Structures are given as C-alpha cells and as structure tokens.
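Taking it in order: structure first as structure tokens, then the write-up.
The values are calculated or read from the model by the stated rules, or taken from the named source; none is laboratory data. All of these numbers come straight from a predicted model, not from anything done at the bench. A quick note on method: Cβ atoms are made from the backbone with ideal geometry, for glycine too, and the neighbour counts reach across all protein chains shown. Heavy atoms of the whole protein, side chains included, go into the accessibility calculation; ligands, DNA and RNA do not. Shrake-Rupley method; radii C 1.70, N 1.55, O 1.52, S 1.80 Å.
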Amino acid sequence: MERMICAAEAAEVLGGRFGARPGIETVSVPGRVNLIGEHIDYHELAVLPMAVPRAIHIAYRPAAGGVLRAVSGDGYDEIELRVDADLAPGPAGDWGNYVKAAVLATRSRWAIERGIEAAVVSDLPPAAGLSSSSALLTGFTLALLRANGIEAGFEELMSVLPEGEHFVGTRGGGMDHAAVLACRAGAALLVEFAPVVATPVSVPGGWEFLVAHSLVMAEKSGAVREQYNSRRAAGTAGLRKLGFQTFREALAGGGGDELTARARSGLRGEELLCFLHVTSEAARVREAVAALKAADMAAFGRLLDASHASLRDQLRISTPEVDALVEAARKAGAVGARLTGAGFGGCAVILCRRGERAEVKERLRRGHYARLSGFDPVSHLIDAEPSAGALLA
Ligand code: NG1
C-alpha cells in the first residue's frame, strides 16, 4: 500500500530541527503532469497540464531578523540565508537555488522583512518532468509571503514565478507555476499566456491517466539545461527568419499547410524542426481540448501519440528509454501515450479507459519494467488523479 506523505510530517521535521514552538503553518504544492502542449509554453502558446496527487509540503514559521533557515526531510544540506541579501546561484542541482529563487521572486514585487524557519517533505519524484522544481519555488514563495502577512492571488504570483525560475538557469515558461497553483480537482487546466488565463476543463469520468517513469532522470538543472534552452533558441530563430515576432502571430492565419510550406522553404535543420514541432503541437492542444470537452477518448489518444512522434522526431527530446516505455504502454492497452515534461528522460503520460489502468500497470510491470533495474512501483507508476493546485487545495 502506498504511503502518502503529508504536511503534518513537515511540521514534525520543523519542530525536531528548530524547536517545537507554536505558530507553525503549512503549504502544500502538488506536482503536475502535462497532458499535451510540450515545449511551447515558453513561446506563449496554450498548454494543457493537470496537477497530480503527489506534492511538496512545507511547514514554516516566521523567523526574526530576516533570516531564512530551511531543512529537508530527505537529508539535503541545510540552508541559511538572509532575505535581504544579494543572492547568487550555487552549484547546478543545489536545492538552495530554488529557495533563493523564491526570495528573489518575492522581493521583485513585495517588500518582505521576515524570514522563516522551514522544513520540506515530499513524495513527488525529482527530475521526472513532474515539476518538482516549480513546486519547491512556488511553495517557498507562498510561505515567505504568508509569513509576511501577504496573501497574493494567481495573476500576481504568475507575474513573478516564471521569471523567478530563470534564476536557476532554465529559460522555461509559465505552465508549471500555473498548474501547481490553479488546477482544480477533477479537471485539466487550459493555460493561455500573455495575458495568463487558466481555465479548468473537466476530465470525463471514463478516463484515467497514469504517469510512468522511464527510470532515466531528467536532471534539468544539469547538462540537459543547455539542450532544453537550445530548443527554445532554435524555435525563436526560425520564427524570426520567417519574419514573425511571435508564434501567435505566425499562427494567426490558421497555421496549417501554408505555414508549413513557408517554413520548409525558408528554414533548414534545427530551426525547421523546432518550428514545425511548435506549430503542430499548438494545433494538437486545440484539438485535444475539443476532444476532452467532447469526451472523445480515441481522438485524445491519437493526439498523445502524434505529440510523442513530434517530440521524438522533430524536437528530438526523447530518449530510447522513453520511446520504449511509450511503446510498451500502448502494447499494454493504453489509448495513447507520450513523453511528458521537458524530456531527455523523465516520465510518460498514459491514457487508459476507466477500470483498465491497474491492468496496464501490471502489464508494464511484468513486461517493460521486469527487464530494468531500479524500478520502484510507488515512485515510478503514479495514478494521476486530476488534483487541486496550491491555491485551491
Ligand atoms: P518540467 O517538465 O517541469 O521540467 C519544463 C518547463 C516548462 C515547459 C516544459 C516542457 C520550467 C520550470 N518548466 O518543465 O515550462 O517548458 O519543460 O513543455 O522551466
């Protein structure tokens, strides 16, 4: 039986490390799985993520003198900094970078004086494409704001969090922050940008999603970061060569064959491939939202498959391990499957008919995972019930 980690455990860790004084509050931020719309949020195109029932829980209490001290239940190094200090990033992969990013994001809009004592526990697998980094950044931002008596809303938070994440070095978009804040239980979230608008779209009762790990860590704060950023740069370079300022402008005429022909005659190599991924994925998001609203599971499944093919062949962010997992999921009875998140490892999102998910999991376990070492069913197969974001939990 899966053991759920909860906020009370973070409070225990906090009391154990910093003393059991009163005044402890908690904030829980879920991870998210992106159903469709991959590597397009940073081009300000709409995406369709959903929060998952795994989260980062932070227990905190205001601390005097502007000092922030944080411990993690997973044994990472303790962090201590001043909330008014000049903060520079530490080594890539250091969890303190996300805490510093939260301080800077908060300070970019609000005046804060109090620090916090904080403890973090999590059952969200890291580096899996499930947004553990954005959940950490968002959680510390909310804790700092609340400890300073500031209650911020969705738009205000969205005005600082994506930019805050750039401190860590990834030129990502705002999908993750929107999802971990604003998802509703039972629904996916259509996130549009400039301006940011988040609209829940109910997941039909007959659908179930499964998240399965490829067992390859997608450590985006490490080497993969350059790869990730290069896809964004190539897409933007292609866009400019064709004379557009934004992808929305490029797609304003409806996209389709005419735009594809123009790209094929004007672009080559990386720029062409990235451009074609972005424009085709934008169309798939539109169709996926229509399929979700119409409860057309077969159409949604085909769109997942087509998205995977584009991520593998055009954007080239899949790996043999993720391709094998996606293939195994389809053979195991999934209606559709694709890589989810930043890529270069991480997870697949798998669509199943209600009642068949357990069987799909069992087949993956007996077939695909039996050949691999390091498989742990609790961390690597997640029943992705559509969950609530931090502002709605
Ligand atoms: P994950 O899967 O959390 O690494 C990253 C970006 C998203 C988006 C996806 C790809 C961050 C914080 N997250 O997500 O904005 O671009 O990749 O669709 O940069």
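Here are the numbers for this structure:
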read-out	value
Relative frequency of Cα-Cα separations exceeding 21 Å in the range 187-282, percent	53
Farthest toward positive dipole pole in the range 237-309 [+1 Lys/Arg, -1 Asp/Glu at C-beta], among G243, A309, C274	G243
Residues with amide H under 5 Å from that of I36, placed H, sequence gap 5 or more	L48
Within the chain: Cβ-based charge dipole about Cα centre, in debye rounded to nearest 20 (Lys, Arg +1; Asp, Glu -1)	620
Net +/- balance of residues flanking F193 in space, Cβ distance below 11 Å, scoring K and R +1, D and E -1	-2
Partner aspartates and glutamates for K241 [C-alpha distance under 14 Å; skip if fewer than 8 residues away on the same chain]	E249, E270, E271
Charged-residue dipole, Cβ positions (Lys, Arg, Asp, Glu), the range 62-142 about Cα centre, Debye nearest 20	320
Highest to lowest packing among 244-256, 36-48, scored as the average C-beta count within 10 Å	36-48, 244-256
Charge dipole (the chain, unit charges on Cβ, about Cα centre) - positive-most of A393, A11, V197	V197
Centroid-to-centroid separation of the range 1-73 and the range 151-183 [C-alpha atoms, Å]	14
Whole-percent carbon and sulfur share, accessible surface of the chain, 1.4 Å	51
Relative contact order of the chain, defined on C-alpha pairs under 8 angstrom at six or more residues apart (%)	23
Inter-part distance where the range 375-393 and the range 275-295 are each reduced to a Cα centre, Å	24
Of all DSSP beta bridges in the chain, antiparallel share, percent nearest 5	90
Kirkwood hydrodynamic radius (C-alpha pairs) into Stokes-Einstein, the range 340-393, 10 °C and 1.306 mPa s, D in µm²/s	120
